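Chemist: Below is a structure I'd like to ask you about.
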Amino acid sequence: MSAPPASGYFRTSYERDDALVDTRAQRLWLAAFCVAAAAFPVLAGAFALELANQVLLTSIGAVALMLLTGYAGQISLGHAGLLAAGAFTTGVLFKEFGAPFWVTLPGSALVGAAIGLVFGLPSLRLRGLYLAVSTLALHFLVIHAGQEYETRRGHSTGVVIDPPEIGGWALNDPTAWYFVLLVAAAATVLFSLNLLRSKTGRAWRAIHGREAVAEALGIDVKAAKLSAFVVSCTLTSIAGCLFAYYRGFVSSEAFSLFLTIQYVATVIIGGIGSVLGAILGTFFVVLLPYAIEALAAAVGLGERLSAVVFAVNYAAFGLVMIAFLVFEPQGLVGIWRRVQAWFLLWPFKQKPAGK
C-alpha cells in the first residue's frame, strides 16, 4: 500500500487508500479549516471579504486549467475566452429570455462542454505551440461574438444582470456570496480530486507522461484528450457564469488576454500537476497586485505608479513566472511539501525513502 509522502502513516486497506482524508491529523486540520472558513465573514472586514470572494471565484477556473494543463498536458491560451463564453451565455439567457439561475448555470456548462469538444479536436493532431495558437483563436472568436452581441443589442457598457435568486433569496450580499462561492469552490476541488483518482484521471496522467506509451498500454488517447478539454471547459464556463452574477454585468473588456496570463501564472506559480498548487497559486496571483500597491504606497511611490499600475502588475507576473520556472519549477506546492517534510522529519535531516 502507498503512504502519504513523509507522513509516517501507512495505508493498510483499500478503503484507506481510497479515502481523501485518512489520518487523524488530516481530519483535525480539515475540521479547523471548516471552522475558520465559516467564521471568516464574521471576523473579516469588507475589503478582506471581497478578496476572499475573488480567491474562491478564481480558484474554480484555476483548478479547471490545472486539470487540462497540469494533468492532461494540453496547453490552452483560451481560458479567458471560456470564462467569457459562460458569462455571455448567462447574460444572453437572462436578458433575452429572463432565464433564472437554475437555467443559466447548466446552460453555461453545456456551452462550455460544446466548446471544449470542438476546440479539443485540434489537440488530436496538434501539440505544443500549434495547439496553444489554436486555443488562442477560441479567445478571439468568443470575444468577437460577445462584442457583436453588445453592439447589436445596444449594450454598449455591458450586459446588466440582476442578482440570482435561490429559493426566493436574492444573492446581493458579499457574505452570502462568500458561502455560495465557498461551496462552489469546494465542490470543484472534491470533484477534481475524485476524477483524478478514476480511470479518466489516470488516463490524463498517462498521456501527459508519454502518449505513445499510454497508447501502447491500451489507453484511448483521443478520448482522453477530448474528455480533458470538455471537463476543463465545462468547469471554466461555470466559473464564467458565477463571475457574471457576482459582478452584476458582462462586458467583453473584462476578458482580456491579461486574464489568460493570470490563470497561466496561477498554475505555474502554484505548481504544475497539483490541485493544491492551483489553490496556492490562486491566493498568490489574486493577492499579488494588492501587495504591489501596498508596497508602493508604503515607500511613497503610490501616486507616481498609479498611472502605470497595470503595466507594473503585468511586468510583475512575468518576472514571478520566470523566477518560479528557473528557481522553483515545482511552484508553491513544492515549497509547501519541503516545509511539511521538515516538520514531519525533524530533528532528522535525511529524506524519506524513495525521495
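The values are calculated or read from the model by the stated rules, or taken from the named source; none is laboratory data. None of these values were measured; they are calculated from a predicted model. Because the Cβ atoms are built from the backbone with ideal geometry, glycine has one as well, and the counts that use them run over all protein chains shown. For accessibility, only protein heavy atoms count, side chains too; no ligands or nucleic acids. Shrake-Rupley method; radii C 1.70, N 1.55, O 1.52, S 1.80 Å.
Chemist: Report the one residue of ALA87, TRP204, LEU43 whose Cα lies farthest in the direction of the positive end of the charge dipole of segment 43-255 (charges on C-beta: Lys and Arg +1, Asp and Glu -1; origin at the Cα centre).
Modeler: Projecting each Cα onto the dipole axis, the largest value belongs to TRP204.
Chemist: Please give the length that would be gained between LEU345 and GLU215 if that part of the chain were fully extended, namely 0.36 nm times their separation in residues minus their C-alpha to C-alpha distance (nm, one decimal).
Modeler: Gain in length upon complete extension: 42.8 nm.
Chemist: While we're looking at this one, here's another question. To the nearest 20 Debye, how big is the dipole of segment 193-312 about its Cα centre, given +1 on the beta carbon of each Lys and Arg and -1 on that of each Asp and Glu?
Modeler: I would put it at about 460 debye.
Chemist: OK, next. In deg cm²/dmol and to the nearest 500, what is the mean residue ellipticity at 222 nm of the chain if only DSSP H runs of at least 4 residues count, each as -39500 (n - 2.57), divided by the residue total?
Modeler: Details: 15 runs with 252 residues, N = 355.
Theoretical 222 nm ellipticity from helices: -24000 deg cm²/dmol.
Chemist: Placing unit charges on C-beta atoms (Lys and Arg positive, Asp and Glu negative, everything else neutral), compute the dipole magnitude of the chain about its Cα centre in debye, rounded to 20.
Modeler: I would put it at about 1260 debye.
Chemist: Computing the accessible area with a 1.4 Å probe over protein heavy atoms, can you report the carbon and sulfur percentage for segment 212-271?
Modeler: Percent of accessible area from carbon and sulfur atoms in segment 212-271: 65.
Chemist: Counting Lys +1, Arg +1, Asp -1, Glu -1, what net charge surrounds ASP220 among other residues with beta carbon under 14 Å of its beta carbon? Don't skip to the answer; put the middle values down first.
Modeler: Values: positive: LYS199, ARG202, LYS222, LYS225; negative: GLU211, GLU215.
With Lys, Arg at +1 and Asp, Glu at -1, the net is +2.
Chemist: In a Gaussian network model over the chain where Cα atoms closer than 10 Å are linked, find which of GLY334, GLY300, GLY318 has the largest mean-square fluctuation.
Modeler: Maximum fluctuation in the GNM of the chain, among the listed residues, is at GLY300.
Chemist: How much area per residue is accessible in the chain when the probe is 1.4 Å and only protein heavy atoms are counted (Å²)?
Modeler: Per residue, the chain has an accessible area of 53 Å².
Chemist: Which whole-number percentage describes the relative contact order of the chain, with Cα contacts under 8 Å and a sequence gap of 6 or more?
Modeler: Across the chain, relative contact order equals 28 percent.
Chemist: Kyte-Doolittle mean at least 1.6 and Cα extent at least 18 Å along the axis: which DSSP H helices of the chain qualify?
Modeler: For the chain, where a helix must reach 18 Å along its axis and average at least 1.6, the hits are 101-120, 174-196, 257-270, 275-298, 309-327.
Chemist: Candidates (i) 21.2, 68; (ii) 19.7, 58; (iii) 28.7, 92; which is the computed Rg and Dmax of the Cα atoms in Å?
Modeler: Only one option fits the structure, namely (i).
Chemist: Taking the Cα centre of segment 43-255 as the origin, how large is its charge dipole in debye, to the nearest 20, when only Lys and Arg (+1) and Asp and Glu (-1) carry charge on their Cβ atoms? Don't skip to the end; give the middle numbers.
Modeler: Numbers: 13 positive and 11 negative charges, 169 e Å.
Once rounded to the nearest 20, the dipole reads 820 debye.
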